[in-house]
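What follows is a short report on a single structure.
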Amino acid sequence: MTRPDNEDEATVAVIDDDPGIREALRGLLRSVGLHAELFASVQEFLGAARPDLPGCLILDVRLPGRSGLDLQEQLARANVQRPIIFISGHADVPMSVRAMKAGAIEFLTKPVRDQDLLDAIQLAIAKDRARRDEDRTLARYRADFDTLTPRERAVMMLIVVGRLNKQIAAELALSEATVKVHRSNVMRKMRVRSLAELVRIADNLVPAHNRA
């Protein structure tokens, strides 16, 4: 799928209360062509206006005020799906397990090896781009589905569970000719050429257990 303008750019937000570490990370990221945004605290990060670009968050665990783990929980509650890489000079096993169970990409101990961090960043950015592509695709499916009439939606839901035109006609009290017209409209409006494509879209839009 074609990405919007600037979508190939990536921004890495760094939250660490040590200015030396922040600047070192800026330099490292710049060396591989990545833009860095630097923050000294969770509060500063939350108060900043940030472009909606692919990227990730490098987050220290222990910060003045709210901790990195607190921010991770808040972002999850708000359904903000920005990938997080934790770095910490005071890590312990329960802390790292908690972060990883909550979806962190990586948990690295300071001093962090540059290559380990860069590998984690590239993985995080790739995941974020893939998630954004999926979101755009799903939005297109929903927009196309919204163009269907109620009758076309009913026909579509029966098509994707394997009903034949004759069965759909009987179930909806329609003629087979009318079902064929609705079926053709569904395929055209949903922009698909095969039943397999339509089923795949329906799987994304409507969980199988909610279908007829």
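Go through the range 49-66 residue by residue and tally those that are under 16 Å from R22 (Cα atoms) and part of a loop (DSSP other than H, G, I, E, B). Of the residues in the range 49-66, 4 are under 16 Å from R22 (Cα atoms) and part of a loop (DSSP other than H, G, I, E, B). Checked against (1) surrounded by fewer than 12 Cβ atoms within 10 Å (Cβ to Cβ); (2) of a type outside the set (S, T, N, Q); (3) farther than 22 Å from D133 by Cβ; (4) modelled with pLDDT under 95, P207 passes all but a single condition, namely (3).
Only residues that are touching a Leu at 6+ places or on another chain (Cβ under 8 Å) and either crowded, with 19+ Cβ neighbours inside 10 Å or part of a loop (DSSP other than H, G, I, E, B) (or both) were counted across the range 89-101, and they come to 1.
The residues listed here are L28, L38, L69, L46; of these, the one that is more than 21 Å from the chain's Cα centre (by Cα), in a helix (DSSP H, G or I) and not acidic (D, E) is L28.
Applying a threshold of 7 Å to beta carbon distances and a minimum spacing of six or more residues, or different chains, the list of pairs starting in the range 138-152 at a residue that is free of Cβ contacts under 8 Å to residues at least 24 places away in the same chain and at negative phi and ending at one that is surrounded by 15 or more Cβ atoms within 10 Å (Cβ to Cβ) and among the acidic types (D, E) is empty. When the range 16-50 is filtered for residues that are crowded, with 16+ Cβ neighbours inside 10 Å and hydroxyl-bearing (S, T, Y), only S41 remains.
Listed conditions (1) assigned by TED's automatic domain parsing to the domain that holds L25; (2) over 21 Å from A40 (Cα atoms); (3) of a type outside the set (A, V, I, L, M) are all met by R142, apart from (1). Among the residues of the range 168-184, those that are part of a helix (DSSP H, G or I) and hydrophobic (A, V, I, L, M, F, W, C) comprise I168, A169, A170, L172, A177, V179, V181. State whether one or more residues within the range 168-190 are buried (at least 17 other Cβ atoms within 10 Å of the Cβ), without any contact (Cβ under 8 Å) to a residue 60 or more places away in the chain and closer than 30 Å to P54 by Cα. Yes, the conditions are met somewhere in the range 168-190.
The values are calculated or read from the model by the stated rules, or taken from the named source; none is laboratory data. As the structure is a computational prediction, the values presented were derived from the model and not from experiment. Quick reminder, even Gly has a Cβ in these numbers, built from the backbone with ideal geometry, and neighbours come from all protein chains shown.
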